[in-house]
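Report on the structure given below.
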Amino acid sequence: MVTKQIGIIMHGITGRMGYNQHLVRSILAIREQGGVLLANGDRLMPDPILVGRNAEKIGEIARRHGLAKTTTDLNSALTDPHNTIFFDAGSTQMRISLLERAIAAGKHVYCEKPISETLAEALRVAALAERHGVKNGVVQDKLYLPGLRKIAMLRDSGFFGKILSVRGEFGYWVFEGDWGVKAQRPSWNYRKAEGGGMILDMLPHWRYVLDNLFGEVKAVSCYGATHIPSRVDENGKTYVADADDAAYATFELDGGVVAQINSSWAVRVRRDDLVTFQVDGTHGSAVCGLMRCWTQHRVNTPKSVWNPDQPQPINFFETWDEVPDTQAFDNGFKAQWEDFLRHVVDDTPWKFTLREGAKGVQLAELAQRSWAERRWLDVPSLSAL
């Protein structure tokens, strides 16, 4: 067995997502386990170089984790032939120009979603990657969640019969930043000018979840809202929160499935998890969160009778059975990183390309139009654009 290195340029790892999920729980975790196992039995060891504008910040992160390579000069990292992959988890507004530079330098590219703020930009960078023949990918981590993987297993087994509808509830209360309680999310999330907004943040997620698990999205109706118009930023300064902090969307899926997903940073949680999905079919239903999943088959469904004059006699939560963990589930971000690394080196199958990521941007763009125009909009096939 041979262990070989692959150089990875990592940009945007000073942010919460880039640092926690991509650097620590993915790349560093892969290094700690001895690399990624390849088809020929060799091991592939990620060799990251941290890139950012603030030398002190990336230097401190590198020292904390025993990493040797940092730079504020992206060009030098891109011209180094040792570096094979460019990864970006920085701001959406910078992403297109960074990806274009990396692609022009012949690097394979992998990035967070959304890949851009507009569909036109997303399609342009996807086409650029295809013309240059570089492998490319976008993070679609929700498909790797244990809860949704259990839903996929139930679907593949025929448990649901004909799927009728999908209902999703996502969100939690993000504190305003006053009363001495700091907000859990960065202030740019709530500023339009900085690429903030719930629709652009979460509709790309719901696109790949719906497309891959329940049916391709054919039409969308969306209503957005800015429920909390004023917040306090990281420096204790009050600012106008003009981006949407909630989105209430309904989708028509291929095969007649109806999906409804509420997404809000202004909701208090009384459900099993911060995100839950309920799938109802003719033969059975399932509800999942991030990790756990419960089912109710037709033969185990209690017969409910509407009677507003008596207390409800059925404890509905007790009528569902939990799907057991029959395998160990790894961190979803790490699992997708491993798949992408194998795709780059072993040319294994890979579907989560920049063009797939463009579908998420398309849906967010159409959802914003739907809100502005107060109407349903069809979702055209990207092959027709």
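The values are calculated or read from the model by the stated rules, or taken from the named source; none is laboratory data. What you see is a predicted model; the values in this text were computed from it and never measured. Using ideal geometry, Cβ is built from the backbone for each residue, glycine included, and neighbour counts are taken over all protein chains shown.
Brief remarks on what is shown
- When each of Val240, Val287, Val258 is tested for being within 28 Å of Gly15 (Cβ to Cβ) and of a type outside the set (Phe, Trp, Tyr), the lone residue that passes is Val240.
- Scope the stretch 305-338; condition in a loop (DSSP other than H, G, I, E, B) and either in contact with a helix residue (DSSP H, G or I) (Cβ under 8 Å, 6 or more places away or on another chain) or closer than 17 Å to Ala152 by Cα (or both); matching residues: Val323, Pro324, Asp325, Thr326, Gln327, Ala328, Phe329, Asp330, Asn331
- Whichever residue in the stretch 55-80 is assigned to a loop (DSSP other than H, G, I, E, B) and either among the small types (Gly, Ala, Ser) or over 26 Å from the mean Cα position of the chain (by Cα) (or both) and, among such residues, is nearest to His343 (Cα to Cα): Asp80
- When the residues of the stretch 226-251 are filtered to those that are over 21 Å from the mean Cα position of the chain (by Cα) and assigned to a strand (DSSP E or B), the one that is surrounded by the most Cβ atoms within 10 Å (Cβ to Cβ) is Arg231.
- Residue in the stretch 276-298 that is loosely packed, with under 10 Cβ neighbours inside 10 Å and not in a strand (DSSP E or B) present: no
- Evaluation of Phe160 against (1) closer than 30 Å to Val257 by Cα; (2) in the same structural domain as Val345 (by TED's automatic domain parsing) (one fails), failing number: (2)
- Scope the stretch 352-376; condition assigned to a loop (DSSP other than H, G, I, E, B) and either in contact with a Cys (Cβ under 9 Å, 6 or more places away or on another chain) or more than 11 Å from Lys135 (Cα to Cα) (or both); matching residues: Arg374, Arg375, Trp376
- Qualifying residue in the stretch 20-32 (condition: modelled with pLDDT of 95 or more and part of a strand (DSSP E or B)): no
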